[in-house]
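Structure first, then comments.
The values are calculated or read from the model by the stated rules, or taken from the named source; none is laboratory data. Bear in mind that the values here come from a model prediction, so they are computed numbers and not experimental data. All Cβ positions, even for glycine, are placed from backbone atoms using ideal geometry, and neighbour counts span all protein chains on display. Just so you know, the surface numbers come from the protein's heavy atoms only, side chains and all, with ligands and any DNA or RNA stripped out. Shrake-Rupley method; radii C 1.70, N 1.55, O 1.52, S 1.80 Å.
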Amino acid sequence: MTSANLKPLSVGVIGTGGMGTRHAVNLHTSVPGARVAAVYDLDPARAAQASALSGGGAVFDDPLRLIHDPAVDALLIAAPDDVHARLTLACLAAGKPVLCEKPLATRVAEAQEVVAAEVQIGRRLIGVGFMRRFDPAHVAIRALAHSGAIGSPLLCKGVHRNASAAFGVRGATILVNSAGHDIDSARWLMGGEVASVRVRGLRSRPDLHPDTRDLLVLELAFADGRLAQAEVYVNAAYGYEVTAELVCQSGAAITQQPDLSLVRAAGQRGFAVPSDWLSRFQEAYVAELTDWVASIREGRVFSGASAWDGLVTMILTEAGIQSLESGAEAPVTLPEQPNLYR
Ligand code: ISE
(Lines give C-alpha, C1' and ligand atoms only; values in the text may rest on other atoms or scores of the structure.)
Protein backbone atom coordinates (compact mmCIF):
# COMPACT_ATOMS: atom_id res chain seq x y z
CA MET A 1 0.00 0.00 0.00
CA THR A 2 1.39 3.45 -0.83
CA SER A 3 1.27 6.20 1.77
CA ALA A 4 -1.39 7.96 -0.36
CA ASN A 5 -3.88 5.25 0.73
CA LEU A 6 -3.12 5.51 4.43
CA LYS A 7 -4.95 7.61 6.98
CA PRO A 8 -3.22 10.88 7.88
CA LEU A 9 -0.73 10.79 10.72
CA SER A 10 -2.04 12.65 13.79
CA VAL A 11 0.85 14.62 15.23
CA GLY A 12 1.07 16.21 18.67
CA VAL A 13 3.33 19.26 18.92
CA ILE A 14 4.91 19.97 22.32
CA GLY A 15 6.31 23.48 22.70
CA THR A 16 4.85 26.17 20.47
CA GLY A 17 7.42 28.94 20.54
CA GLY A 18 8.79 30.15 17.19
CA MET A 19 10.11 26.75 16.10
CA GLY A 20 7.18 24.63 17.36
CA THR A 21 4.64 26.95 15.78
CA ARG A 22 6.56 26.89 12.51
CA HIS A 23 6.58 23.07 12.57
CA ALA A 24 2.83 23.00 13.32
CA VAL A 25 2.06 25.39 10.48
CA ASN A 26 4.35 23.50 8.09
CA LEU A 27 2.65 20.21 9.00
CA HIS A 28 -0.74 21.80 8.38
CA THR A 29 0.04 23.61 5.13
CA SER A 30 2.93 21.82 3.44
CA VAL A 31 3.34 18.21 4.54
CA PRO A 32 1.27 15.50 2.84
CA GLY A 33 -0.35 12.85 5.02
CA ALA A 34 -0.24 14.66 8.36
CA ARG A 35 -2.50 16.70 10.59
CA VAL A 36 -1.79 18.56 13.81
CA ALA A 37 -4.08 16.75 16.25
CA ALA A 38 -2.88 18.32 19.48
CA VAL A 39 -0.61 21.02 20.84
CA TYR A 40 0.86 21.86 24.23
CA ASP A 41 2.81 24.84 25.55
CA LEU A 42 3.56 26.08 29.05
CA ASP A 43 1.84 29.28 27.90
CA PRO A 44 -1.78 28.26 27.07
CA ALA A 45 -2.36 31.40 24.97
CA ARG A 46 0.62 30.54 22.78
CA ALA A 47 -0.64 26.97 22.40
CA ALA A 48 -4.10 28.22 21.42
CA GLN A 49 -2.55 30.52 18.84
CA ALA A 50 -0.48 27.69 17.34
CA SER A 51 -3.59 25.51 17.20
CA ALA A 52 -5.53 28.26 15.42
CA LEU A 53 -2.76 28.58 12.84
CA SER A 54 -2.50 24.85 12.20
CA GLY A 55 -6.02 23.53 11.74
CA GLY A 56 -7.50 23.75 15.24
CA GLY A 57 -6.03 20.68 16.98
CA ALA A 58 -6.86 20.07 20.66
CA VAL A 59 -4.99 22.24 23.18
CA PHE A 60 -3.62 20.23 26.11
CA ASP A 61 -2.54 21.52 29.51
CA ASP A 62 -0.23 18.59 30.25
CA PRO A 63 2.46 17.26 27.86
CA LEU A 64 2.35 13.73 29.27
CA ARG A 65 -1.41 13.45 28.78
CA LEU A 66 -0.89 14.66 25.20
CA ILE A 67 1.82 12.04 24.58
CA HIS A 68 -0.39 9.23 25.88
CA ASP A 69 -3.60 10.39 24.19
CA PRO A 70 -4.80 7.57 21.89
CA ALA A 71 -5.74 10.11 19.20
CA VAL A 72 -2.07 11.14 18.85
CA ASP A 73 0.08 8.87 16.63
CA ALA A 74 3.43 10.68 16.75
CA LEU A 75 5.10 13.55 18.58
CA LEU A 76 7.11 16.58 17.63
CA ILE A 77 9.09 18.08 20.50
CA ALA A 78 10.08 21.73 20.26
CA ALA A 79 10.05 22.56 23.97
CA PRO A 80 13.11 24.12 25.69
CA ASP A 81 16.37 22.14 25.33
CA ASP A 82 16.55 20.95 28.93
CA VAL A 83 13.31 18.94 28.71
CA HIS A 84 13.99 17.26 25.34
CA ALA A 85 15.41 14.04 26.79
CA ARG A 86 12.67 13.63 29.40
CA LEU A 87 9.88 14.17 26.85
CA THR A 88 11.55 11.86 24.32
CA LEU A 89 11.74 9.13 26.98
CA ALA A 90 8.01 9.63 27.65
CA CYS A 91 7.29 9.14 23.92
CA LEU A 92 9.31 5.91 23.97
CA ALA A 93 7.38 4.75 27.04
CA ALA A 94 4.18 5.35 25.06
CA GLY A 95 5.69 3.43 22.09
CA LYS A 96 5.22 6.43 19.76
CA PRO A 97 7.55 7.86 17.08
CA VAL A 98 9.04 11.23 17.95
CA LEU A 99 10.91 13.96 16.13
CA CYS A 100 12.85 15.83 18.80
CA GLU A 101 14.31 19.22 18.02
CA LYS A 102 18.06 19.44 18.56
CA PRO A 103 19.73 18.91 20.98
CA LEU A 104 18.46 15.46 21.92
CA ALA A 105 19.62 16.20 25.47
CA THR A 106 21.69 18.78 27.30
CA ARG A 107 24.01 16.24 28.96
CA VAL A 108 25.70 13.07 27.71
CA ALA A 109 24.22 10.97 30.54
CA GLU A 110 20.68 11.91 29.45
CA ALA A 111 21.38 11.20 25.78
CA GLN A 112 22.80 7.81 26.77
CA GLU A 113 19.62 7.04 28.67
CA VAL A 114 17.53 7.87 25.60
CA VAL A 115 19.65 5.68 23.30
CA ALA A 116 19.57 2.82 25.83
CA ALA A 117 15.77 3.04 26.04
CA GLU A 118 15.39 2.96 22.24
CA VAL A 119 17.82 0.02 21.96
CA GLN A 120 15.82 -1.78 24.64
CA ILE A 121 12.63 -1.34 22.59
CA GLY A 122 14.56 -2.49 19.51
CA ARG A 123 12.79 -0.11 17.09
CA ARG A 124 13.96 3.20 15.61
CA LEU A 125 11.32 5.56 17.01
CA ILE A 126 13.44 8.71 17.41
CA GLY A 127 14.49 11.35 14.88
CA VAL A 128 16.51 14.44 15.82
CA GLY A 129 15.89 17.78 14.12
CA PHE A 130 19.26 18.53 12.56
CA MET A 131 17.52 20.13 9.59
CA ARG A 132 20.67 21.01 7.62
CA ARG A 133 20.64 17.37 6.49
CA PHE A 134 17.56 18.33 4.44
CA ASP A 135 18.78 21.69 3.14
CA PRO A 136 19.12 21.43 -0.66
CA ALA A 137 22.46 23.29 -0.64
CA HIS A 138 23.96 21.00 2.01
CA VAL A 139 22.56 17.93 0.26
CA ALA A 140 24.11 19.12 -3.03
CA ILE A 141 27.67 19.65 -1.75
CA ARG A 142 27.58 16.34 0.13
CA ALA A 143 26.43 14.48 -2.98
CA LEU A 144 29.13 16.15 -5.10
CA ALA A 145 31.90 15.44 -2.60
CA HIS A 146 30.83 11.83 -2.20
CA SER A 147 30.47 11.28 -5.95
CA GLY A 148 34.25 11.37 -6.24
CA ALA A 149 34.08 14.02 -9.01
CA ILE A 150 36.38 16.36 -7.06
CA GLY A 151 38.17 13.73 -5.01
CA SER A 152 37.23 12.85 -1.47
CA PRO A 153 36.57 15.46 1.26
CA LEU A 154 39.55 16.49 3.40
CA LEU A 155 38.32 19.53 5.31
CA CYS A 156 34.88 20.88 6.24
CA LYS A 157 34.65 24.63 6.92
CA GLY A 158 31.52 26.01 8.52
CA VAL A 159 30.20 29.49 9.19
CA HIS A 160 27.22 29.85 11.54
CA ARG A 161 26.07 33.33 12.45
CA ASN A 162 23.04 34.50 14.42
CA ALA A 163 22.04 38.17 14.43
CA SER A 164 21.89 38.38 18.23
CA ALA A 165 21.93 36.31 21.38
CA ALA A 166 20.82 36.71 24.98
CA PHE A 167 22.96 39.12 27.02
CA GLY A 168 25.88 37.35 28.66
CA VAL A 169 25.56 34.14 26.68
CA ARG A 170 28.13 31.55 27.78
CA GLY A 171 30.20 29.40 25.50
CA ALA A 172 28.68 26.22 26.95
CA THR A 173 25.17 27.40 26.06
CA ILE A 174 26.21 28.14 22.48
CA LEU A 175 27.87 24.76 22.18
CA VAL A 176 24.74 22.93 23.34
CA ASN A 177 22.11 25.06 21.61
CA SER A 178 23.80 26.23 18.41
CA ALA A 179 27.10 24.50 17.65
CA GLY A 180 25.50 21.04 17.74
CA HIS A 181 24.33 21.84 14.22
CA ASP A 182 27.91 22.40 13.08
CA ILE A 183 29.13 19.23 14.77
CA ASP A 184 26.36 17.13 13.22
CA SER A 185 26.83 18.79 9.87
CA ALA A 186 30.60 18.09 9.87
CA ARG A 187 30.07 14.39 10.70
CA TRP A 188 27.31 14.04 8.12
CA LEU A 189 29.06 15.98 5.34
CA MET A 190 32.46 14.34 5.82
CA GLY A 191 31.30 10.84 6.79
CA GLY A 192 33.33 9.44 9.68
CA GLU A 193 33.84 9.96 13.38
CA VAL A 194 35.63 12.66 15.33
CA ALA A 195 38.51 11.77 17.67
CA SER A 196 39.23 15.15 19.26
CA VAL A 197 37.70 18.58 19.73
CA ARG A 198 39.24 21.97 20.35
CA VAL A 199 37.17 25.09 21.04
CA ARG A 200 38.31 28.65 21.58
CA GLY A 201 36.03 31.58 22.24
CA LEU A 202 35.96 35.31 22.75
CA ARG A 203 33.67 38.14 23.81
CA SER A 204 32.82 40.32 20.83
CA ARG A 205 32.36 43.63 22.66
CA PRO A 206 33.66 45.03 25.98
CA ASP A 207 30.17 46.12 27.11
CA LEU A 208 29.02 42.49 27.29
CA HIS A 209 29.23 40.53 30.56
CA PRO A 210 32.87 39.47 31.15
CA ASP A 211 31.93 35.76 31.02
CA THR A 212 30.33 36.12 27.59
CA ARG A 213 31.81 33.96 24.86
CA ASP A 214 29.71 34.81 21.83
CA LEU A 215 32.18 33.91 19.09
CA LEU A 216 33.52 30.36 19.12
CA VAL A 217 35.88 28.56 16.79
CA LEU A 218 35.60 24.78 16.78
CA GLU A 219 38.23 22.43 15.41
CA LEU A 220 37.36 18.77 14.99
CA ALA A 221 39.92 16.11 14.09
CA PHE A 222 38.47 12.96 12.56
CA ALA A 223 39.82 9.58 13.58
CA ASP A 224 41.38 9.19 10.10
CA GLY A 225 43.17 12.57 10.29
CA ARG A 226 40.72 14.67 8.23
CA LEU A 227 39.62 18.00 9.71
CA ALA A 228 36.65 20.27 10.28
CA GLN A 229 36.43 23.79 11.60
CA ALA A 230 33.47 26.03 12.32
CA GLU A 231 32.95 29.61 13.37
CA VAL A 232 29.86 30.04 15.55
CA TYR A 233 29.17 33.73 16.14
CA VAL A 234 25.85 34.51 17.76
CA ASN A 235 26.00 38.33 17.84
CA ALA A 236 26.82 38.92 14.19
CA ALA A 237 24.31 41.80 14.03
CA TYR A 238 23.78 41.83 10.26
CA GLY A 239 21.54 38.76 10.03
CA TYR A 240 21.51 34.95 9.95
CA GLU A 241 23.98 33.03 7.86
CA VAL A 242 25.08 29.42 7.58
CA THR A 243 27.54 28.09 5.04
CA ALA A 244 29.49 24.88 4.76
CA GLU A 245 32.40 24.25 2.44
CA LEU A 246 33.90 20.89 1.64
CA VAL A 247 37.51 21.10 0.54
CA CYS A 248 38.19 17.96 -1.45
CA GLN A 249 41.30 16.47 -3.09
CA SER A 250 40.82 18.26 -6.42
CA GLY A 251 38.11 20.86 -5.85
CA ALA A 252 35.90 22.51 -3.29
CA ALA A 253 32.14 23.02 -2.95
CA ILE A 254 30.39 25.61 -0.80
CA THR A 255 26.69 26.01 0.03
CA GLN A 256 24.86 29.13 -1.09
CA GLN A 257 21.91 30.71 0.72
CA PRO A 258 18.74 30.47 -1.35
CA ASP A 259 18.79 33.97 -2.87
CA LEU A 260 15.56 34.64 -4.68
CA SER A 261 16.29 38.15 -5.89
CA LEU A 262 19.08 40.63 -6.45
CA VAL A 263 18.06 43.92 -4.90
CA ARG A 264 19.22 47.37 -6.01
CA ALA A 265 18.61 50.05 -3.40
CA ALA A 266 20.30 52.83 -1.43
CA GLY A 267 23.33 52.94 -3.72
CA GLN A 268 23.98 49.17 -3.44
CA ARG A 269 23.34 46.04 -5.42
CA GLY A 270 22.99 42.84 -3.40
CA PHE A 271 21.15 39.94 -1.82
CA ALA A 272 19.10 40.28 1.34
CA VAL A 273 20.37 38.31 4.34
CA PRO A 274 17.68 36.27 6.19
CA SER A 275 17.00 37.45 9.74
CA ASP A 276 16.80 33.98 11.27
CA TRP A 277 16.86 30.22 10.75
CA LEU A 278 13.10 29.99 10.22
CA SER A 279 13.41 31.78 6.89
CA ARG A 280 16.87 30.48 5.90
CA PHE A 281 15.90 26.84 6.46
CA GLN A 282 12.18 26.85 5.63
CA GLU A 283 12.68 24.44 2.71
CA ALA A 284 14.75 22.15 4.91
CA TYR A 285 12.14 22.11 7.70
CA VAL A 286 9.40 21.11 5.24
CA ALA A 287 11.59 18.42 3.64
CA GLU A 288 12.52 17.08 7.09
CA LEU A 289 8.88 16.85 8.21
CA THR A 290 7.81 15.37 4.88
CA ASP A 291 10.38 12.58 5.20
CA TRP A 292 9.58 12.02 8.88
CA VAL A 293 5.82 11.70 8.26
CA ALA A 294 6.34 9.46 5.20
CA SER A 295 8.82 7.26 7.10
CA ILE A 296 6.27 6.59 9.86
CA ARG A 297 3.40 5.96 7.45
CA GLU A 298 5.51 3.66 5.29
CA GLY A 299 7.10 1.86 8.26
CA ARG A 300 10.67 2.75 7.28
CA VAL A 301 13.52 4.50 9.08
CA PHE A 302 13.60 8.34 9.05
CA SER A 303 16.36 9.63 6.72
CA GLY A 304 17.51 12.35 9.12
CA ALA A 305 19.58 12.22 12.30
CA SER A 306 18.99 9.37 14.75
CA ALA A 307 19.17 9.21 18.54
CA TRP A 308 22.68 7.81 18.03
CA ASP A 309 23.64 10.97 16.09
CA GLY A 310 22.09 13.00 18.91
CA LEU A 311 24.23 11.15 21.46
CA VAL A 312 27.46 11.49 19.46
CA THR A 313 26.81 15.22 19.01
CA MET A 314 26.30 15.55 22.76
CA ILE A 315 29.55 13.68 23.50
CA LEU A 316 31.44 16.02 21.14
CA THR A 317 29.64 19.02 22.64
CA GLU A 318 30.71 18.09 26.16
CA ALA A 319 34.27 17.61 24.90
CA GLY A 320 33.99 21.08 23.35
CA ILE A 321 32.88 22.58 26.67
CA GLN A 322 35.81 20.90 28.40
CA SER A 323 38.21 22.25 25.77
CA LEU A 324 36.81 25.77 26.00
CA GLU A 325 37.27 25.71 29.76
CA SER A 326 40.72 24.09 29.86
CA GLY A 327 42.20 25.69 26.75
CA ALA A 328 43.42 22.25 25.63
CA GLU A 329 42.29 19.88 22.93
CA ALA A 330 39.83 17.28 24.31
CA PRO A 331 40.20 13.71 23.06
CA VAL A 332 36.97 11.78 22.44
CA THR A 333 36.23 8.10 22.81
CA LEU A 334 32.86 7.03 21.47
CA PRO A 335 30.96 4.05 22.86
CA GLU A 336 30.37 1.12 20.53
CA GLN A 337 27.52 1.83 18.12
CA PRO A 338 24.53 -0.43 18.84
CA ASN A 339 23.38 -2.62 15.93
CA LEU A 340 20.06 -0.76 15.85
CA TYR A 341 21.81 2.22 14.23
CA ARG A 342 24.02 0.39 11.72
C1 ISE B 1 18.43 27.62 17.04
O2 ISE B 1 17.79 26.76 17.96
C3 ISE B 1 18.68 26.92 15.76
O4 ISE B 1 18.39 25.77 15.56
C5 ISE B 1 19.40 27.71 14.76
O6 ISE B 1 19.63 27.00 13.57
C7 ISE B 1 20.70 28.19 15.32
O8 ISE B 1 21.34 29.03 14.39
C9 ISE B 1 20.48 28.97 16.61
O10 ISE B 1 21.72 29.37 17.14
C11 ISE B 1 19.73 28.12 17.62
O12 ISE B 1 19.45 28.89 18.77
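Compute the Cα gyration tensor for the chain, then decide on rounded, prolate or oblate, letting a ≥ b ≥ c be the square roots of its eigenvalues: rounded whenever a/c is under 1.5, prolate when a/b is larger than b/c in the other cases, and oblate in all that remain. Rounded. Within the assembled protein chains, the solvent-accessible surface assigned to D82 is about 90 Å², based on a 1.4 Å probe.
Roughly how big is segment 238-291's charge dipole about its Cα centre, with Cβ charges of +1 (Lys, Arg) and -1 (Asp, Glu), in debye to the nearest 20? Could you put the intermediate results ahead of the total?
Details: 3 positive and 7 negative charges, 74 e Å.
It works out to roughly 360 debye.
Based on alpha-carbon atoms, the Kirkwood radius and the radius of gyration of segment 1-104 give Rg/Rh equal to 0.95. Across q = 0.21, 0.25 Å⁻¹, segment 213-270 modelled as identical point scatterers on its alpha-carbon atoms has Debye log10 I(q)/I(0) values of -1.03, -1.14, in the order of the q list.
Here is the P(r) of segment 81-208: all C-alpha pair distances, binned every 10 Å from 0, give 10, 33, 33, 20, 4, 0 in whole percents.
If we sort 194-200, 58-64 on the protection proxy, mean other Cβ atoms within 10 Å, highest first, what's the order? Please list the in-between numbers first.
Values: 194-200: 20.3, 58-64: 16.4.
Peptide ranking by packing, descending: 194-200, 58-64.
With the simple model of a label 7 Å out from the Cα in the direction of the Cβ, K7 to E325 spans 5.0 nm.
Using a 7 Å offset from the Cα along the Cα-to-Cβ direction at both S279 and Q120, what is the distance between the two label points in nm, to one decimal? Here the modelled spin labels are 4.6 nm apart. Computed on segment 1-156, with alpha-carbon pairs under 8 angstrom and 6+ residues apart, the relative contact order is 18 percent. Projected over every direction and averaged, the convex hull enclosing the alpha-carbon atoms of segment 39-78 yields 2.7 nm². Projecting the Cα atoms of H181, V232, A143 onto the charge dipole of the chain (Cβ charges, centred on the Cα centre) puts A143 farthest toward the positive pole.
For D207, D182, write out the residues from largest to smallest accessible area, computed with a 1.4 angstrom probe and no ligands counted.
Values: D207 95, D182 15 Å².
Result, largest first: D207, D182.
Multiplying the sequence separation of D81 and E241 by 0.36 nm and subtracting their Cα-Cα distance, what value in nm do you get?
On the way: separation 160, 0.36 × 160 = 57.60 nm, distance 2.20 nm.
The span from D81 to E241 would gain 55.4 nm if fully extended.
A viscosity of 0.692 mPa s and a temperature of 37 °C, combined with the Kirkwood radius over Cα pairs in Stokes-Einstein, give a translational diffusion coefficient for segment 212-332 of 181 µm²/s. In terms of the mean number of neighbouring beta-carbon atoms within 10 Å, the peptides 135-146, 29-40 order highest first as 29-40, 135-146.
List the relative contact order of segment 121-190 as a percent without decimals, with contacts defined as Cα pairs under 8 Å and 6+ residues apart.
Details: 25 pairs, mean separation 30.5, N = 70.
So the answer I get is 44 percent.
Reported to the nearest whole Å, the Cα centre-to-centre distance from segment 218-293 to segment 109-160 is 16.
Normalised by the residues of segment 194-267, what does the relative contact order come to in percent, with Cα pairs under 8 Å and at least six apart?
On the way: 93 pairs, mean separation 15.2, N = 74.
Here the relative contact order equals 21 percent.
Mind pulling the angle between the C-alpha long axis of helix 108-121 and the longest principal axis of the chain? Nearest 10 degrees, somewhere in 0 to 90. Relative to the chain, helix 108-121 is tipped by roughly 40 degrees. Computed from point charges on the beta carbon alone (+1 for Lys and Arg, -1 for Asp and Glu), the dipole magnitude for the chain about its Cα centre is near 600 Debye.
Only one residue of V72, F281, V11 has its Cα farthest out toward the positive end of the dipole of the chain, where Lys and Arg carry +1 and Asp and Glu -1 on Cβ, and that residue is F281. Mind pulling the angle between the C-alpha long axis of helix 44-53 and the longest principal axis of the chain? Nearest 10 degrees, somewhere in 0 to 90. The two axes meet at around 90 degrees.
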